[in-house]
Amino acid sequence: MSAPTNAGPDREPRARRGLMAWLAAMVPKGRAGRRLAVFSLVDSIGTGAFLSVSAIYFTRSIGLTVGAVAFGLSLSAAVGLATAIPVGVLADRYGARRILVIVSFWRAACFGVLPFVQGFTGFIIVMCLLGLVDKTAAPLTQALVGRAVEDSDRVGTMAIIRTLRNAGFTLGALMGSAALAVDARPAYVAVLLANGASFIVTAVIVGRLELRPAPEGQELRRKISLRALRDRPYLTLSVLNALLTMHMTLLGVGIPLWIAAQPHTPRTLIAPLFAVNTVLAVAFQVRASRGSETLTGAASRMRQAGFALGVCCALLALVPPVPQLAAIALLLLATIALTAGELFQAAGGWGLSYELAREGEQNAYLSVFWLGLSVQQIIAPLLVGYILTVGPVGWVGLGALLAVVGLVVPPVTRWAASTRQAELTDNHDPAKVATS
């Protein structure tokens, strides 16, 4: 008598079931969450396409030098640093949805003008105009997620959005590579205009977004408040988070230059390591974010991020003296550790920034938190450049620093939480309210 055979879904390959489960996890809960996911995907595809061709377009089609392009991009970043918090304050007063729609149309207009720029002066003007809103879209999007989905779904939705953005950047880069293959001005202009059109699409999506009612008694602020800049626990966490976001510079600058500096490591390894990072980030961001909805869970993720990044740096320090195959293995393991740190940092940062932002001032608080990332993007390349000159000792020192940063986050989080609790107690004490 033969054993009965299983029929139906039970015979479906595990890999296929796993893929279907992963795809299902990529769909946010609720219509608003799904619209925000589409918004982020469209935005990232257009941006990825532009970034892949921008340097070539600026130098070949506009005729700028590499130094002029670098100066324009740096000036744009500086303008963005100056405007990020004021725009967040305006969003607290007029609503994040309304401000993000304006930001999207502003970016669309800039990219509509960019193909007509002929020289250095026009390039600088457009870059500065873009810089006015360049650092605002990310915190405004996070704030909208907080208003559009349930509190328990905020971190999970942000994880899905980040996953889709990674996928979108990859798709956009592939589109840009087609323009690079053609290598003609009309192809590059088409990419610029397509990116501008993507911002129009995102503006329409955001404008139709349904938000949850504001908590009882909470309305849009009618007074300008910069209290976020005086919140010492929150500012401290912003700095610690900024240090942990160094994984971006390590991936984009540190590891490639470290590979190039070693005579026994092939430079062709850089692209596969980027691919490993992208695949792992897309596959595991949602899973890595689970449990980050609470302050305790978010602080734990940040501690894990510091440890993972410390391991990454330690592995990089071991590369120079070993044979080629061992060096390649170390670089692969370092990239995996870096990706783990990236995923844990992103999840922990979302949880902390959401939970510790004061009611009615979320946009300003989130802008402050994201501002640390902008500062890191300016300072970290200089630090990594110094480490590359020092060698393995520098990598060990950086790894120790990042591990300590991760360990410091939980006690600072408890400090911030106790400060918030004390504020709530004072607000409910009639005697203190009367004298305030």
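A few remarks follow.
- In the range 40-57, the residues that are in contact (Cβ under 8 Å) with a residue 40 or more places away in the chain and more than 17 Å from the chain's Cα centre (by Cα): 49, 50, 52, 53, 56, 57
- Of all residues in the range 58-72, those satisfying the criterion of being of a type in the set (A, V, I, L, M, F, W, C) and either surrounded by fewer than 17 Cβ atoms within 10 Å (Cβ to Cβ) or in contact (Cβ under 8 Å) with a residue 60 or more places away in the chain (or both) are 58, 62, 66, 70, 71.
- Selection status of residue 300, touching a helix residue (DSSP H, G or I) at 6+ places or on another chain (Cβ under 9 Å) and crowded, with 23+ Cβ neighbours inside 10 Å: no
- Residue match in the range 218-233 (condition: crowded, with 23+ Cβ neighbours inside 10 Å and modelled with pLDDT of 85 or more): no
- Conditions (1) surrounded by 18 or more Cβ atoms within 10 Å (Cβ to Cβ); (2) farther than 18 Å from residue 158 by Cα: number failed by residue 325: (1)
- Residue in the range 141-158 that is free of Cβ contacts under 8 Å to residues at least 40 places away in the same chain and within 30 Å of residue 281 (Cβ to Cβ) present: no
Each row is one residue, and each column tells you yes or no for (1) modelled with pLDDT of 85 or more; (2) among the aromatic types (Phe, Trp, Tyr); (3) in contact with a Pro (Cβ under 6 Å, 6 or more places away or on another chain).
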position	(1), (2), (3)
19	no, no, no
27	no, no, no
34	yes, no, yes
67	no, no, no
90	yes, no, no
94	yes, yes, no
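- Residue within the range 417-435 that is under 24 Å from the mean Cα position of the chain (by Cα) and modelled with pLDDT of 85 or more present: no
- Any chance residue 75 is closer than 28 Å to residue 146 by Cα and either modelled with pLDDT under 85 or in a helix (DSSP H, G or I) (or both): no
- Selection status of residue 305, open to solvent by less than 40 Å² (accessible area, probe 1.4 Å) and over 25 Å from residue 169 (Cα atoms): no
The values are calculated or read from the model by the stated rules, or taken from the named source; none is laboratory data. Just so we're clear, the structure is a prediction, and the values are computed from it rather than from any experiment. Virtual Cβ from ideal backbone geometry, glycine too; neighbours counted across all protein chains shown. To get the accessible areas, we keep the full protein, side chains included, count just its heavy atoms, and leave off ligands, DNA and RNA. Shrake-Rupley method; radii C 1.70, N 1.55, O 1.52, S 1.80 Å.
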